[in-house]
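Data first, discussion second: the structure below is written as structure tokens.
The values are calculated or read from the model by the stated rules, or taken from the named source; none is laboratory data. Everything numeric in this text was worked out from a predicted model, so none of it was measured. Glycine gets a Cβ as well: all are built from the backbone with ideal geometry, and neighbour counts include every protein chain shown. These area figures cover heavy atoms from the full protein model, side chains too; ligands, DNA and RNA do not enter into them. Shrake-Rupley method; radii C 1.70, N 1.55, O 1.52, S 1.80 Å.
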Amino acid sequence: MLTPVLDPSLGRPLYEQLYLQLRRDIESGSLIAGEKLPSKRALSAHLKVSVVTVEGAYGQLLAEGYIRSEPKRGFFVSPLEIASPPAQQAPSVPVSEGSISSSAATSSPAP
């Protein structure tokens with residue numbers, strides 16, 4: 001079973017500490033896609049924290065897409081979406097100082 005270390009003296013809410021540790025475990029691959037997470041009650045009993053603490057952490061992970069909930073089955077780690085590299089833009093062609101733009105070529109000279 002997961003055993004994140006939660007420290008009430010840190011000044012950071014326990015649900016946030018749990019959320020950050022679970023997120024780090026998912027991102028690092030310690031928790032793999034499809035892996036079932038403990039139920040909210042089981043994890044709260046194991047960590048000796050309120051069920052509300054685990055609900056807060058799971059809720060944030062759900063909202064950000066790190067986990068998914070399946071009714072009557074539980075919570076599962078979602079596959080991480082690996083961001084594709086940004087598209088390469090075509091190199092811009094510098095305009096020479098002596099070149100005439102098309103708008104300047106079609107306009108008539110001032111009298």
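Answer yes or no: is there a residue in the range 67-81 that is over 20 Å from Leu6 (Cα atoms), modelled with pLDDT under 95 and open to solvent by less than 90 Å² (accessible area, probe 1.4 Å).
Yes - at least one qualifying residue is present in the range 67-81.
If you go through the range 46-59, how many residues are farther than 12 Å from Pro13 by Cα, open to solvent by 70 Å² or more (accessible area, probe 1.4 Å) and in a helix (DSSP H, G or I)?
Within the range 46-59, residues that are farther than 12 Å from Pro13 by Cα, open to solvent by 70 Å² or more (accessible area, probe 1.4 Å) and in a helix (DSSP H, G or I) number 2.
So which residues in the range 7-45 are over 20 Å from Ser78 (Cβ atoms), open to solvent by 80 Å² or more (accessible area, probe 1.4 Å) and assigned to a helix (DSSP H, G or I)?
Result: Pro8, Ser9, Leu10, Arg41.
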